[in-house]
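Participant: First, the structure itself, so that you have it in front of you.
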Amino acid sequence: MATPELTAGAEPRLRAERRRIGEDVVKAVLALCALVSVATTVGIVVALFVPAIEFFREVSIVDFLTGKDWSPLFEPASFGVLPLIAGTLLVTAIASLVAMPLGLGAAVYMSEYASPRARGIIKPAFELLAGIPTIVFGYFALTFVTPLLRDIGVPVDIFNTLSAGLVMGVMLLPTVASLSEDAMGAVPRDLRDGAYALGSTKVQVATRIVVPAAVSGIVASFVLAISRAVGETMIVLVAMGQQPNLSFDPREAAEAMTAFIAATGAGDVPTGSTEYKTIFAVGATLFLMTLVMNVFAIRLVRKYREAYE
């Protein structure tokens, strides 16, 4: 192909005269994939918020957000969502207290202490744990963890938040451990070698060099784990119960927002009724809670992100 002549003062043209058709096709396919993702998100938001807005035309949003009694399927109906929010936050807090320290400890061990052979065994085991269906975790919490808590002297109800939160924390362990270990593995080896050259011990290197350097990835793993806990359905539906209870006692039965959506959506509530629209109102509330949490986490990750060359 002939090289285009350069006129005086003109910049050289580095792009070929003919555009390759294959590159245009690949670009179009990739753009279509991005548009499908955006369109799906927009569709979910529209499908969720349109019925929710109709619900709030019939029920005061102030009463919805501040009410302490949730009984939309009874007469007289009450639409205070605080018991559902309290149950969701409580089970999420318990799961986070289990998953975050244990998952971070496992990540530190795999990144800094484990031999390649041990890491090759432990990490696939975590990934296998992540593949267990959540319904199995739910029945494990109900039929094993709850009786175990009673055997060791913890007076819990048959359905309780404590067992659901503990098992949910175990379910979240692979998420925290795997992502945190990947973030620690991305820390340059030179930082470790410099710390060892100054006389640091392995514990000091792990806790004062590697973990702070990988904090953005670790925070991201925490946020993803919390998001999964907030949106988890089957564990809370099976093991936590369906009794809206504005209590922060984990030994008692309660109801999470996702459990209400699943139970009501599978019931005999007439489509288009106010009771039916509560599904979308609760879903929209859950969506906004998760959105606010993720926006805050993104700002936190960007603030403490470390860049290496």
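Participant: Any idea how many residues of the range 47-70 are under 28 Å from the mean Cα position of the chain (by Cα) and of a type in the set (S, T, N, Q)?
Facilitator: Here the count works out to 1.
Participant: Next question, about the same structure. If you check Leu84, Leu97, Leu89, which single one turns out to be aliphatic (A, V, I, L, M), without any contact (Cβ under 8 Å) to a residue 24 or more places away in the chain, on the phi < 0 side of the Ramachandran plot and in the same structural domain as Val282 (by TED's automatic domain parsing)? It would help to see each step written out before you state the result.
Facilitator: On the way: Leu84 fails: without any contact (Cβ under 8 Å) to a residue 24 or more places away in the chain; Leu97 fails: without any contact (Cβ under 8 Å) to a residue 24 or more places away in the chain.
Sole residue among the options that is aliphatic (A, V, I, L, M), without any contact (Cβ under 8 Å) to a residue 24 or more places away in the chain, on the phi < 0 side of the Ramachandran plot and in the same structural domain as Val282 (by TED's automatic domain parsing): Leu89.
Participant: With the requirement that a residue be within 26 Å of Met171 (Cβ to Cβ), part of a loop (DSSP other than H, G, I, E, B) and hydrophobic (A, V, I, L, M, F, W, C), what does the range 247-285 give you?
Facilitator: The answer is Phe248, Ala253, Ala254, Ala256, Ala266.
Participant: Evaluate the range 193-215: report whether one residue or more is among the acidic types (Asp, Glu), out of contact with any Gly (no Cβ under 7 Å at 6 or more places or on another chain) and under 30 Å from Phe248 (Cα atoms). Spell out how you get there, then give the answer.
Facilitator: Step one: filter the range 193-215 for residues among the acidic types (Asp, Glu), giving 193.
With the extra rule that they be out of contact with any Gly (no Cβ under 7 Å at 6 or more places or on another chain), the set shrinks to 193.
So of that shortlist, the ones also under 30 Å from Phe248 (Cα atoms) come out as none.
No: zero hits.
Participant: Let me ask another. Failed condition for Ala214, given (1) within 30 Å of Met234 (Cα to Cα); (2) aliphatic (A, V, I, L, M); (3) under 24 Å from the mean Cα position of the chain (by Cα), with all others met?
Facilitator: Of (1) within 30 Å of Met234 (Cα to Cα); (2) aliphatic (A, V, I, L, M); (3) under 24 Å from the mean Cα position of the chain (by Cα), only one is false for Ala214: (1).
Participant: Any residue that is surrounded by fewer than 17 Cβ atoms within 10 Å (Cβ to Cβ) and modelled with pLDDT of 85 or more - is there at least one of those in the range 230-239?
Facilitator: First pass over the range 230-239, keeping only residues surrounded by fewer than 17 Cβ atoms within 10 Å (Cβ to Cβ): 231.
Now narrow it down to the ones that are modelled with pLDDT of 85 or more: 231.
Among the residues of the range 230-239, at least one is surrounded by fewer than 17 Cβ atoms within 10 Å (Cβ to Cβ) and modelled with pLDDT of 85 or more, which makes the answer yes.
Yes/no matrix, rows are residues, columns are (1) modelled with pLDDT under 90; (2) closer than 30 Å to Leu246 by Cα; (3) not aliphatic (A, V, I, L, M):
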| position | (1), (2), (3) |
| --- | --- |
| Phe140 | no, yes, yes |
| Thr146 | no, yes, yes |
| Val154 | yes, yes, no |
| Met171 | no, yes, no |
| Gly185 | yes, no, yes |
| Arg189 | yes, no, yes |
| Gln204 | yes, no, yes |
| Ser216 | yes, no, yes |
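Participant: Hey, could you check the range 270-288 for residues that are among the small types (Gly, Ala, Ser) and surrounded by 17 or more Cβ atoms within 10 Å (Cβ to Cβ) and say which is farthest from the chain's Cα centre (by Cα)?
Facilitator: Going through the range 270-288, the residues among the small types (Gly, Ala, Ser) turn out to be 272-273, 281, 283-284.
Narrowing the set further to residues that are surrounded by 17 or more Cβ atoms within 10 Å (Cβ to Cβ) leaves 281, 283-284.
Values: Ala281: 21, Gly283: 16, Ala284: 17 Å.
Checked the range 270-288; the qualifying residue farthest from the chain's Cα centre (by Cα) is Ala281.
Participant: Let me ask you something else. Given the criterion at pLDDT below 85 and among the hydroxyl-bearing types (Ser, Thr, Tyr), identify the matching residue among Ser60, Ser71, Ser96, Ser37. Give the steps one after another, and end with the answer.
Facilitator: Numbers: Ser60 fails: at pLDDT below 85; Ser96 fails: at pLDDT below 85; Ser37 fails: at pLDDT below 85.
Of the residues listed, the single one that is at pLDDT below 85 and among the hydroxyl-bearing types (Ser, Thr, Tyr) is Ser71.
Every residue, every condition in (1) assigned by TED's automatic domain parsing to the domain that holds Arg299; (2) surrounded by 19 or more Cβ atoms within 10 Å (Cβ to Cβ); (3) on the phi > 0 side of the Ramachandran plot; (4) under 22 Å from the mean Cα position of the chain (by Cα), yes or no:
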position: Val156; (1), (2), (3), (4): yes, yes, no, no
position: Val167; (1), (2), (3), (4): yes, yes, no, yes
position: Leu172; (1), (2), (3), (4): yes, yes, no, yes
position: Asp190; (1), (2), (3), (4): yes, no, no, no
position: Ala197; (1), (2), (3), (4): yes, no, no, no
position: Ala206; (1), (2), (3), (4): yes, yes, no, no
position: Val210; (1), (2), (3), (4): yes, yes, no, no
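The values are calculated or read from the model by the stated rules, or taken from the named source; none is laboratory data. Because the structure is a prediction, the values reported are computed rather than measured. Cβ coordinates were reconstructed from backbone atoms using ideal geometry, including for glycine residues, and neighbour counts include every protein chain displayed.
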